[in-house]
Amino acid sequence: MTTIRKPVSVGIIGWPVSHSRSPLIHNYWIAKYGLSGNYSRLPIDPADNFETKIRDLVDQDYQGANVTIPHKEAAFAVSDELDSMAQKLGAVNLLSFEAGKIIGRNTDGYGFMAHLEAAASRYFNSDFKKKPVCLLGAGGATRAILAALADHGFELIHLCNRTRARAEEIAHLGAPSQVNIFDWEHRDLALEDAGLLINTTSLGMAGGLALDICLKGLSDDAIVYDIIYTPLETDLLKQAKARELLALDGLGMLLHQAVPSFEVWFGVRPDVTSDLYDLLVADLVGV
Ligand code: ATR
């Protein structure tokens, strides 16, 4: 007898969520793997009771949801069980409703590292993780990336943020790596000899302020990673390419962080392919 799986209902919770590319990614995979389900936008007004809204989704037979700004901490609070990364970060971006329980996970750092490993595997020799990593920023994405770098054995992290106190607050997430904090005005020093520079600030985003930085001090075989994907090629990445360094944009992180979500809900581990990347790029044209 064949068992008929009921359609999977999932989506992205945030406020606003109209700009989210997650429906495009997940619905592409649903079609590609011939699955039955739908991934929709689930706006939740911060003025509403988050827990009630989540219980409503459970009652409506949803299997879970991704969570984005400003609800990642509320999703953490509502979870009955948490994976180690969500516990560490105090933030959840993946909810699954399993056997009456709400399970919270965090896949942001995974997305960054999976993209880096896929796009730059040839850089992953023993020396790479010994060189300093220069991490700019101190927001939610910085926290996830800092924890992922530490988990993956990067030995020395130079953390540099405009508001030094915010960098100090999150530095413990880099343990057991050594985290050195640099003042924002010393960012050119912070990247001295680094093998990896990561921008997690909002500087360089379309319509916003520019990131003023000089890449001269970077190691000759450094990777420059900008988590921004609007525009796809930020001025920072243009500068990196001009120095013939490997330049990686934020779309890869977005695609890779979606993989574990899809796998949890649908039981299929989807591939991040160039076709999907191109689909997103086409969708971003004109943004
Ligand atoms: P997230 O969305 O990842 O949680 P966020 O809290 O919005 O991030 O933070 C954006 C990052 O960009 C912060 O690191 C912020 O620096 P502060 O902590 O000092 O606010 C940084 N940022 C924003 N505008 C900046 C500017 N003009 N100069 C330098 N850094 C800036």
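Each value in this text was obtained by applying a stated rule to the coordinates, not by laboratory testing. Values in this document were obtained by computation on a predicted structure and should not be read as measured data. Backbone-built Cβ (ideal geometry, glycine too); neighbour counts: all protein chains shown.
Listing for the model above:
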| read-out | value |
| --- | --- |
| Range of Cα positions in the chain per principal axis (Å), largest first | 62, 38, 37 |
| Neighbourhood net charge (11 Å Cβ-Cβ; Lys/Arg +1, Asp/Glu -1) for VAL264 | -1 |
| Label-point separation in nm, SER274 to ALA210, each point 7 Å along Cα→Cβ | 3.2 nm |
| Relative packing of peptides 117-124, 186-193 - highest average C-beta neighbours within 10 Å first | 186-193, 117-124 |
| Ranked THR52, THR201, THR68, THR273, criterion: other C-beta atoms within 10 Å, fewest first | THR52, THR273, THR68, THR201 |
| Spacing of the two label points (7 Å from each Cα toward its C-beta) at PHE124 and LEU24, in nm | 2.8 nm |
| 222 nm mean residue ellipticity, helices alone, for the chain (DSSP H n ≥ 4; -39,500 (n - 2.57); rounded to 500) | -10500 deg cm²/dmol |
| LYS238-GLU169 FRET efficiency (beta carbon distance; Förster radius 22 Å; 0.05 resolution) | 0.10 |
| Segment 3-52-segment 131-183 distance, computed between alpha-carbon centres (Å) | 31 Å |
| Distance violations [Cα-Cα > 29 Å] among LYS32/LYS129; LYS88/LYS129; LYS32/LYS131 | LYS32/LYS129; LYS32/LYS131 |
| Dipole-positive endmost among PHE50, GLY11, ALA118 within segment 1-152 (Cβ charges, Cα centre) | ALA118 |
| Shape call, segment 145-287: gyration tensor on alpha carbons, a/c limit 1.5 | oblate |
| Long-range tail of P(r) for segment 218-263 (Cα pairs > 15 Å, %) | 46 percent |
